[in-house]
Amino acid sequence: MAEQQVVADLRENCATPASLLRDVAAAMADEMCAGLEKEGGSRVKMLLSYVDKLPTGREEGLFYGLDLGGTNFRVLKVQLGGNDKHVISRESRELAIPPHLMSGSSSELFGFIASELAKFVADEEQGTSLSNGKTRELGFTFSFPVRQRSVASGTLVKWTKAFSIEDAVGKDVVAELQTAMQKQGLDMHVAALINDAVGTLAGARYYDEDVVAGVIFGTGTNAAYVEKANAIPKWEGELPNSGEMVINMEWGNFYSCHLPVTEYDQSLDNESLNPGEQIYEKLTSGMYLGEIVRRVLLKLSLQSSIFGEIDRTKLKTHFHLRDSAYFCNAP
């Protein structure tokens with residue numbers, strides 16, 4: 001097949017005209033409303049974050065952070081100076097999660113994280129002492145679907161991306177981390193549980209009071225935004241004084257017949273660890289885009305001589321982020 005025709009067919013099959021994007025946006029809006037109406041009413045979960053107040057930029061003090069959401073996790077220490085000073089100092093460390101811990105047990109995963117967190121704290125506080133005998137405050141960013149009942153507790157709904165630790169589903173991830181930290185002798189209290197989309201929103205609001213949404217396109221994808229509390233039919237109990245509630249959309253599971261799902265996306269989904277789920281995430285996020293590109297390039301090389309005479313060995317090998325096994329079967 002002529003190279004020009006191969007490219008033309010690819011463009012046609014992958015086209016996303018503005019009219020199609022408007023249909024996708026309308027379908028997303030419908031799913032958002034259904035998710036706010038009742039629990040389980042939509043593939044887009046629209047989870048209550050229990051964050052009803054966002055940073056103002058006036059916060060002061062020493063705080064720790066832990067970010068778990070992909071193949072790596074990060075630990076952070078930050079000194080906030082308030083008002084014009086904002087962030088006085090920031091120290092962080094990023095560590096890889098051994099692949100076997102992504103499908104092992106809950107105690108093994110959180111034990112490893114707590115151990116590395118304890119090492120970070122010990123290194124950062126070497127030669128110093130925590131003033132006033134205060135317990136260290138930790139913000140826990142956990143970028144997987146959780147159902148929260150307070151700002152500092154949440155049960156895991158399901159794993160996404162490369163994780164599949166069955167005994168953690170339905171458990172309070174804050175309690176799991178708190179137990180692991182206690183075993184390490186680490187005097188630290190989890191003050192807030194959020195995901196990376198809520199964290200991105202909060203971090204941006206710290207510098208700009210007009211920010212109303214945070215969006216993540218990383219290993220996975222998600223979004224969070226500020227909703228009026230009285231516009232959430234599934235809300236139970238007294239409305240917060242702020243009149244607002246940050247919604248964790250979990251839009252990675254969004255699906256609509258209007259989504260431009262190609263043959264490459266379909267084959268990737270069929271071979272994934274969770275067929276039929278997280279379709280929007282599989283279309284757009286970093287965990288899958290490299291593999292989609294590989295499939296496109298392989299087909300182009302088989303249908304034409306667009307790349308010349310090449311060795312297709314590598315093109316026939318699944319693309320992986322690091323070493324994690326994201327797919328069940330080889331093509």
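Quick notes
- Hits among lysines - C-alpha to C-alpha of Lys38 under 20 Å, sequence gap 8 or more where chains match: Lys158, Lys228, Lys234
- Largest-first principal axis extents, alpha carbons of the chain, Å: 75, 45, 41
- Candidates Ser242, Ser106, Ser285, ranked by Gaussian network fluctuation over the chain, Cα under 10 Å, top entry: Ser242
- Among Pro17, Pro99, Pro240, the residue with the largest mean-square fluctuation in a Gaussian network model of the chain, with springs joining Cα atoms closer than 10 Å, is Pro17.
- The distance between label points at Ala191 and Asp23 comes to 4.9 nm (points 7 Å beyond Cα on the Cα→Cβ vector).
- Computed Kirkwood radius, in angstrom, where 1/r is averaged over Cα pairs of region 60-194: 15.5 Å
- For region 1-46 versus region 111-126, the spacing of their alpha-carbon centroids is 43 Å.
- Local net charge near His189, Cβ-Cβ under 14 Å (Lys/Arg +1, Asp/Glu -1): 0
- Share of carbon and sulfur in the accessible area of the chain stands at 50%, probe radius 1.4 Å.
- Using a simple spin-label model with pseudo-atoms 7 Å out from Cα toward Cβ, Lys314 and Tyr207 lie 3.6 nm apart.
- The heavy atoms of Asp187 present about 80 square angstrom of accessible area, all protein chains included, probe 1.4 Å.
- Relative to the longest principal axis of the Cα atoms of the chain, the long axis of helix 106-124 makes an angle of roughly 60 degrees.
- Relative to the longest principal axis of the Cα atoms of the chain, the long axis of helix 18-37 makes an angle of roughly 40 degrees.
- Extreme residue, positive dipole direction of the chain, given options Ala18, Gln184, Gly290 (C-beta unit charges): Gln184
- Residue ranges 44-56, 289-301 sort as 44-56, 289-301 when ordered by packing (mean number of other C-beta atoms within 10 Å per residue, highest first).
- Accessible area expressed per residue, the chain, with surrounding protein chains retained (probe 1.4 Å, Å²): 50 Å²
- Across region 207-331, Cα-Cα distances exceeding 17 Å account for 67% of all pairs.
- The listed peptides 58-65, 175-182, ordered by packing as a protection proxy, come out as 175-182, 58-65 (highest mean of other Cβ atoms within 10 Å first).
- Bridges between two residues of region 60-194, per DSSP, are antiparallel at a rate of about 70%.
- Point-to-point label distance, Thr16-Glu91, nm (Cα→Cβ direction, 7 Å offset): 4.2 nm
- Here the chain carries DSSP beta bridges of which approximately 75% are antiparallel, counting only pairs with both residues inside.
- The angle separating the long axis of helix 3-13 from the principal Cα axis of greatest extent in the chain is about 50 degrees.
- Highest-MSF residue in the chain out of Ile247, Ile310, Ile97 [GNM, Cα springs under 10 Å]: Ile310
The values are calculated or read from the model by the stated rules, or taken from the named source; none is laboratory data. Please read these numbers as outputs of a predicted model, since none were measured by experiment. Cβ atoms come from the backbone with ideal geometry, glycine included; neighbour counts cover every protein chain shown. Note: accessible area is taken over every heavy atom of the protein model, side chains too, but ligands, DNA and RNA are not part of it. Shrake-Rupley method; radii C 1.70, N 1.55, O 1.52, S 1.80 Å.
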